[in-house]
Amino acid sequence: MEKLWAGALHQPLDQIAEEFNSSITVDCKLWEQDILGSIAHANMLGKQGIIPQDEAAALAEELKKIQKELKTGKLSIDWKSEDIHTFVEQTLTQRLGEVGKKLHTARSRNDQVALDLRLYLRQEIQTLQSDLKEMTEKFLEQAQKHKGTIMPGYTHLQRAQPITFGHHLMAYTMMFLRDIGRFQDAQERMNVSPIGSCALAGTTYPIDRQWEAESLGFSEIAHNSLDGVSDRDFCVELLSACSILMMHMSRFSEELILWSSWEFQFVTLADPYTTGSSIMPQKKNPDMAELIRGKTGRVYGDLIGTLTMLKGLPLAYNKDMQEDKEAVFDALQTVKLCVQILSAMVETLTVKADNMLKAAQTGFLNATDLADYLVKKGLPFRKAYQIVGAIVAYCLENNCTLESLSMETYQQFSPLFAKDVYTEIALATCVAKRCSQGGTSEASVEAQIAYVKQQLKIL
Ligand code: ARG
């Protein structure tokens, strides 16, 4: 295969070096963006009189044909080409001869690849965003259903205070809103056109960068050509948004794994998202949730790999940067799959409300409320805290709950206790009274749901 860069070299590339250098198996994903970018470039060259108008039109025409043929499978990618840019240009030249060779005027693969990748990722983010919104909606639906389902809330994985399952799910929707925002930011900052930076220093041809950028839907051009070809911040930003989203999904997956364990029995995952064991007939394993947790490490790897690849690079383009695509493509594919799977798992989740409630009934989750009761009767909080601590110790010794203590016993700890204590420390009361903004009461959770719904519309 003839090299586009064979210029001053005398010997052909060593065969292993050729394979090593080739990136087409990865960057083939960019074929359509490469063609669209090339069409815009041809049009700009024609408009500026850098090449004759009719030749520019012929280039654009043929590129459109190539696009169509690749789409329908009439033309297939030649894997012997070094990369997708080489393939498209060589195909064009085979068909148009000398005219085909004019496309690369005032262009370098350096600004071309930066352009293609931005175009591709800009679009990918779009689909990821809608998947992410859909998943958030699944969480919202379950939250709505379970806004009154009482469960233990934990800190340090120790039972802490009663909350509702709806409240718990809503915490994740807040994370997803931030994720959506991060992808949006990444997309906006990515929407800058590097084309026209050429190899590194700009060009002597009278190009119209603004026009070419606008015709490709960019909101701005890169204002420094060295930066235009060497900037991969947009990859890093996307990868970090992916990593944070994976971290959120991994935390929830860990909860699903815990909750579906025999020890918790809070939820049952639908059969299509679990596996059995080849030896233990009773097993139902949360493989999908485990894989989401596991694949989080892989996406972090894509981020760290890219940051590390970039950290020592002098300006401008260096071949190290060819490694960027494998990382972003892998991260995007992984994230997309995880979002789809998690979305389906949440939608089909069976919630064992009775078990959640039972769990919330032991472990003194209403101890704070008991202390607050004494505060309302006039005791300073620290004093109330001490008394309730002693009551809990007493219950632990006598194997009973706060709800089952007799009034006589209560009175031994403080004369402030009266009959109304029992309704005050009922779990339903504890939840209902936490009606502060963002709290666990049904009304608060309703407000959170309304907030997220409204944000989803805006974002
Ligand atoms: N395949 C290369 C990449 O993905 C394209 C740019 C090549 N540029 C060069 N000067 N060799 O980075």
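The values are calculated or read from the model by the stated rules, or taken from the named source; none is laboratory data. Fair warning: this is a prediction, and the values are worked out from it, not measured in the lab. Please note: Cβ atoms are built from the backbone with ideal geometry, for glycine as well, and neighbour counts cover all protein chains shown.
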For this session: Filter the stretch 288-344 down to residues that are surrounded by fewer than 17 Cβ atoms within 10 Å (Cβ to Cβ), hydrophobic (A, V, I, L, M, F, W, C) and within 16 Å of the ligand (Cβ to nearest atom), then give me how many there are.
Result: 2
Exercise. Given the conditions (1) part of a loop (DSSP other than H, G, I, E, B); (2) at pLDDT 95 or above; (3) over 24 Å from C198 (Cβ atoms); (4) of a type outside the set (A, V, I, L, M), and given that S81 satisfies all but one, which numbered condition is not satisfied?
Worked result: (3)
Problem set entry | Test result for L75, surrounded by 18 or more Cβ atoms within 10 Å (Cβ to Cβ), more than 16 Å from the ligand (Cβ to nearest atom) and not small (G, A, S) | no
Problem set entry | Every residue from the stretch 270-310 that is part of a loop (DSSP other than H, G, I, E, B) and over 29 Å from L239 (Cβ atoms) | A270, T274, G276, S277, S278, I279, M280, P281, Q282, K283, K284
Problem set entry | Residue identified as under 22 Å from G217 (Cβ atoms), in a helix (DSSP H, G or I) and more than 16 Å from the ligand (Cβ to nearest atom) among L128, L140 | L128
For this session: Residues being away from the ligand (no atom under 16 Å from the Cβ), of a type outside the set (V, I, T) and in a loop (DSSP other than H, G, I, E, B): count how many of those fall in the stretch 93-125.
Result: 0
For this session: Identify, from the list A42, A57, the residue that is surrounded by 16 or more Cβ atoms within 10 Å (Cβ to Cβ) and of a type outside the set (K, R).
Result: A42
Exercise. Among helices (runs of 4 or more DSSP H) lying entirely in the stretch 1-61, which contain 1 or more residues that are within 12 Å of the ligand (Cβ to nearest atom) and polar (S, T, N, Q)?
Worked result: 15-21, 24-27
Problem set entry | Subset of the stretch 396-434 [exposed (fewer than 12 other Cβ atoms within 10 Å of the Cβ) and acidic (D, E)] | E397, E408, D420
For this session: Tell me, please, whether a residue that is part of a helix (DSSP H, G or I), modelled with pLDDT of 95 or more and closer than 21 Å to E134 by Cβ can be found in the stretch 311-331.
Result: yes
